[in-house]
Amino acid sequence: MDEDILSFVAEWYDPRPQLVKQYLLKCFTKSEEVEMKELATGRKFLKRTRIPSMIKVSDFVVGNNILLFSRDLKLVDYGDSKTRKLLDASSERTTVFGNILRTHLGQFLKFFEDEGLAIADTRSFSVRSEHDFIDIEETIGMKLKKMEDERINLVVSVQGRNAIRVVHGHQESLRAKFGSQIMCASSQEDAEQLHSYLSSFRSPTATYESCTCCVIKPHVIKARESGALIEYILSQGFGIGAIHVFHLSHTAADEFYSAYKSVLHNYNDAVSDFCTGPIIALEVRAMNAVQFFRKIAGPWDVGIAKELFPDTIRARFGVNHVQNAIHCTDIPEDASLELSYFFDVLANSER
């Protein structure tokens, strides 16, 4: 049987000449192989080669970052009309705004994942000035509740087949379940404008007090289990102060993990895994948060976690010693540093 060949335009930043280079990347779905050639010269860059085990064919979607043989590639467009026709509907994105109770965060994301949609972007934000508050109300066309300690503003992008129709069709049920402060985009243009507008509010919700850093790994998000994982964290008495989705380059992942280089036997694999899809950074709040959160996280080794600590996060959501569901801060002194790396350094670099 003939296999589908998916074709994409991929970009890679070459640091030596400091140029962004474009490639035609072909993914052979049955044999799980890829090949690449430079668009500018037509020169073959990568002969037909097996996809690394950490990458799945389903990861090849416009907008995603793919780490192929130490190169951070961003898929920026389809390479031909056949691929566009095949994937366009299945990779459709839409945007949702919500002002919800913090305790409902996991349930809110799980609602979309249960509909078969993937979390493509999520971020919490605060509105500092009265002018901005009024501006948001006028833009989204609804009266907003003032920010309170128990509530959080979210902009969420979800991705999947007919995402706009599916999500907008659930707008009233979302409002019934999570409150009236919900708005779902009704068209592709509406989704893009709403996401761009709300993402421009950069005021963080992270406090860096009585907290720890938790990072949900890509395989959990791909499995559409991030909402369930966050719901479990909240059920254990922790709070969520801030949330933000990032797509990490290999350089950023290596920089973040560098403090663990001497203690992680599988350091290179752990760094590479962080780049195989989006990650979700969380500020998790509680008294003695680092100590108590490590207990519900469980051992790094998923096999040990499943055998001896079956109620921990890694036992419930982990797959193996690399795809072990989450990263969490080891010592209290590092919590604010790790959170600052995501919510200050990386978040500000997106501007």
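The values are calculated or read from the model by the stated rules, or taken from the named source; none is laboratory data. Note that this is a predicted model, so its numbers are computed, not measured. Neighbour counts run over all protein chains shown; Cβ positions are idealised from the backbone, glycine included. Ligands, DNA and RNA are excluded from the accessible area calculation, which covers all protein heavy atoms including side chains. Shrake-Rupley method; radii C 1.70, N 1.55, O 1.52, S 1.80 Å.
Can you tell me which residues in the range 254-281 are in a helix (DSSP H, G or I) and open to solvent by less than 70 Å² (accessible area, probe 1.4 Å)?
ASP254, PHE256, TYR257, SER258, TYR260, TYR267, ALA270, VAL271, SER272, ASP273
State whether one or more residues within the range 77-91 are touching a helix residue (DSSP H, G or I) at 6+ places or on another chain (Cβ under 8 Å) and modelled with pLDDT of 85 or more.
Yes, some residue in the range 77-91 is touching a helix residue (DSSP H, G or I) at 6+ places or on another chain (Cβ under 8 Å) and modelled with pLDDT of 85 or more.
If I ask for residues that are hydrophobic (A, V, I, L, M, F, W, C) and open to solvent by 50 Å² or more (accessible area, probe 1.4 Å), which ones from the range 98-133 would you list?
Matches in the range 98-133: LEU101 only.
When you check VAL57 against the structure, is it modelled with pLDDT of 95 or more and closer than 25 Å to THR251 by Cα, yes or no?
Here the answer is no, as VAL57 does not meet what is asked.
If you scan the range 148-179, which residues turn out to be open to solvent by 70 Å² or more (accessible area, probe 1.4 Å), closer than 29 Å to ARG285 by Cα and in a loop (DSSP other than H, G, I, E, B)?
The answer is GLU148, ASP149, GLU150.
Could you list, in sequence order, all residues of the range 1-53 that are within 24 Å of ASN268 (Cα to Cα) and out of contact with any strand residue (DSSP E or B) (no Cβ under 8 Å at 6 or more places or on another chain)?
Scanning the range 1-53 gives PRO15, ARG16, SER53.
Any idea which residue in the range 187-199 is nearest to VAL245 (Cα to Cα), counting only those that are open to solvent by less than 70 Å² (accessible area, probe 1.4 Å) and among the hydroxyl-bearing types (Ser, Thr, Tyr)?
Ranking the candidates gives SER199 first.
What is the residue count in the range 305-316 for residues that are among the basic types (Lys, Arg) and open to solvent by 10 Å² or more (accessible area, probe 1.4 Å)?
Number satisfying all stated conditions: 2.
Within the range 40-73, which residues are open to solvent by 80 Å² or more (accessible area, probe 1.4 Å) and within 13 Å of GLU11 (Cα to Cα)?
Once the filter is applied, which keeps residues that are open to solvent by 80 Å² or more (accessible area, probe 1.4 Å) and within 13 Å of GLU11 (Cα to Cα), the range 40-73 yields only ALA40.
Could you please give the count of residues in the range 313-351 that are among the polar types (S, T, N, Q) and in contact with a Leu (Cβ under 7 Å, 6 or more places away or on another chain)?
Residues in the range 313-351 being among the polar types (S, T, N, Q) and in contact with a Leu (Cβ under 7 Å, 6 or more places away or on another chain): 0 in total.
Filter the range 79-90 for residues that are open to solvent by 20 Å² or more (accessible area, probe 1.4 Å) and touching a residue at least 40 places away in the same chain (Cβ under 8 Å) and give the result.
GLY79, ASP80, LYS82, LEU86, LEU87, ALA89, SER90
Which one is modelled with the highest pLDDT, of the residues in the range 257-295 that are closer than 26 Å to ARG123 by Cβ and among the acidic types (Asp, Glu)?
This residue is GLU283.
Of all residues in the range 32-71, count the ones that are farther than 22 Å from ARG161 by Cβ and under 16 Å from the mean Cα position of the chain (by Cα).
Adding up the residues that qualify gives 1.
Could you tell me which residue of the range 26-39 is nearest to ALA118 (Cα to Cα), considering only residues that are open to solvent by less than 70 Å² (accessible area, probe 1.4 Å) and of a type in the set (A, V, I, L, M, F, W, C)?
CYS27
Somewhere in the range 212-235, is a residue over 30 Å from SER91 (Cβ atoms), open to solvent by 40 Å² or more (accessible area, probe 1.4 Å) and outside any helix (DSSP H, G or I)?
no
From VAL290, VAL284, VAL302, which residue is out of contact with any strand residue (DSSP E or B) (no Cβ under 9 Å at 6 or more places or on another chain) and surrounded by 16 or more Cβ atoms within 10 Å (Cβ to Cβ)?
The unique qualifying residue is VAL302.
Give the residue that is farthest from LEU75 (Cα to Cα), with candidates limited to residues of the range 1-14 that are assigned to a loop (DSSP other than H, G, I, E, B) and open to solvent by 80 Å² or more (accessible area, probe 1.4 Å).
Going through the qualifying residues, I end up with MET1.
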